[in-house]
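Reviewing the structure listed below.
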Amino acid sequence: MATFDLSRLRAVVFDTDGVVTDTARVHAAAWKHVFDGFLRGRGAAPFDVRGDYLAYVDGRPRLDGVRTFLASRGISLPEGGQGDEPGAATVHGLGRAKDALFVKAIEEHGVAAYPSTVALLHELRRRGCRTAVVSASRHCRAVVSSAGLLHLFDVLVGGADAAELSLPGKPDPALFLEAARRLESPPAEVAIVEDALPGVEAGRRGGFGLIVAVDRSGSRAEAMRAAGADAVVADLADADIAGRVPVGRP
């Protein structure tokens, strides 16, 4: 059980994909399409939507994901640039191809939110707790907006903000620290909710007051605790709130 004790926490920061919205599998499918197409004929194992996604791309900025996964197959590519054609044999080319597939998928099918996360957000806000949502993706605002959840967050820090501010990607805590700064709360009084190991490690490195890891697969609890999680839950329905009377209630 994870408990958000609002007698010592002023705010909660949520990762987007896999915590707030059910978009992690959309990302994984897009990565598989791009990487498998690139690897075909190269004698390398195809991209695994579970193992490789969690190990090499989950929670990382898109270009870091390209580099990290290809390194696992012993492949390095030229960096290229933002003008590369999607699918070109460069880091930027593969990253742009994945980005195009992800955008097309959310435009065609929309974005679903996890009901338990939405319920937790409503209850936190009823109790006067501030909330933020973060993502390494430049599409953070579009994803959260498509899910109809923008009104539940005081602060949003996405990949576009990270690029503008030159924030390094997870496991560096810079993204979370920027959210805490905008929430006007010291990290020790902020909780982090993450589903990716680099994000859990970022929370630990940043000195945050509580790190709750969401392990929907039920297979990474030990690794998440080793990375710094204070509590691991299969779903945020298993989380509790204590320490502050809800606004408007006796």
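How many angstrom lie between the Cα centre of region 186-250 and the Cα centre of region 106-173?
With region 186-250 and region 106-173 each reduced to a Cα centre, they are spaced 15 Å.
Which three lengths, in whole Å and largest first, does region 56-125 cover when its Cα atoms are put on their principal axes?
The principal-axis extents, from largest down, are 48, 26, 18 Å.
May I ask for log10 I(q)/I(0) of the chain at q = 0.08, 0.15 Å⁻¹, from a Debye sum over the Cα atoms as equal point scatterers with solvent left out?
-0.30, -1.02
Give me the one-decimal Kirkwood hydrodynamic radius in Å for region 1-64, with the sum taken over alpha-carbon pairs.
14.1
Under the rule of -39500 (n - 2.57) per DSSP H run of 4 or more residues, summed and divided by the residues of the chain, what mean residue ellipticity at 222 nm is obtained, to the nearest 500 deg cm²/dmol?
Per the formula, -11500 deg cm²/dmol.
Rg and Dmax in Å for region 1-132, alpha carbons only: what are they?
18.1, 58
In nanometres, what is the gap between the two model label sites at Glu189 and Asp154, each 7 Å from Cα along Cα-to-Cβ?
Calculated label separation equals 1.0 nm.
Please list, in order, the residues from region 74-88 whose amide nitrogen is less than 11 Å from a point placed 7 Å along the Cα→Cβ vector of Ala44.
Inside the label zone: 74-78.
In Å², what does the accessible area per residue of region 122-240 work out to with a 1.4 Å probe?
I get 39 Å² per residue for region 122-240.
Roughly speaking, what is the stretch gain from Asp172 to Ala112, that is 0.36 nm per residue apart minus the C-alpha to C-alpha distance, in nm to one decimal?
18.8 nm
Using only the alpha-carbon atoms, how far is helix 24-39 inclined from the longest principal axis of the chain? Give it as 0 to 90 degrees, nearest 10.
That helix lies at roughly 20 degrees to the long axis.
Using the Cα centre of the chain as origin and beta-carbon charges of +1 (Lys, Arg) and -1 (Asp, Glu), tell me which of Val26, Met1, Thr16 is placed farthest towards the positive end of the dipole.
So the residue furthest toward the plus end is Met1.
How much length, in nm to one decimal, is gained on full extension between Thr3 and Val103, taken as 0.36 nm per residue of separation minus their Cα-Cα distance?
32.5 nm
Zone of Ala221 (label point 7 Å along Cα→Cβ, backbone N under 13 Å): which residues in region 197-214?
Output list for this probe position: 213-214.
Leaving ligands, DNA and RNA out of it, report the carbon-plus-sulfur percent of the accessible area of the chain at a 1.4 Å probe.
After summing per-atom areas, the C and S share lands at 50 percent.
Just to be sure I follow: if Rg is taken over the C-alpha atoms of region 113-189 and Rh is the Kirkwood radius over the same atoms, what is Rg/Rh?
Computed over Cα atoms, the ratio is 0.97.
I'd like the FRET efficiency for Glu79 and Ala55, computed as 1/(1 + (r/R0)^6) with the beta carbon distance as r and R0 of 22 Å, rounded to 0.05.
0.50
Can you tell me what the convex hull of the Cα atoms of region 176-250 projects to on average, as an area in nm²?
5.8
Would you mind computing the Rg to Rh ratio of region 96-144 from its alpha-carbon coordinates, Kirkwood style for Rh?
1.09
Compute the helix-to-body angle for 115-126: its Cα long axis versus the longest principal axis of the chain, expressed 0 to 90° and rounded to tens.
40
The values are calculated or read from the model by the stated rules, or taken from the named source; none is laboratory data. No experiment lies behind these values; they were computed from the predicted model shown. Positions of Cβ are generated from backbone atoms using ideal geometry, with glycine treated the same way; all protein chains shown enter the neighbour counts. Quick note on the areas: whole protein, heavy atoms, side chains included, nothing else; ligands and nucleic acids left out. Shrake-Rupley method; radii C 1.70, N 1.55, O 1.52, S 1.80 Å.
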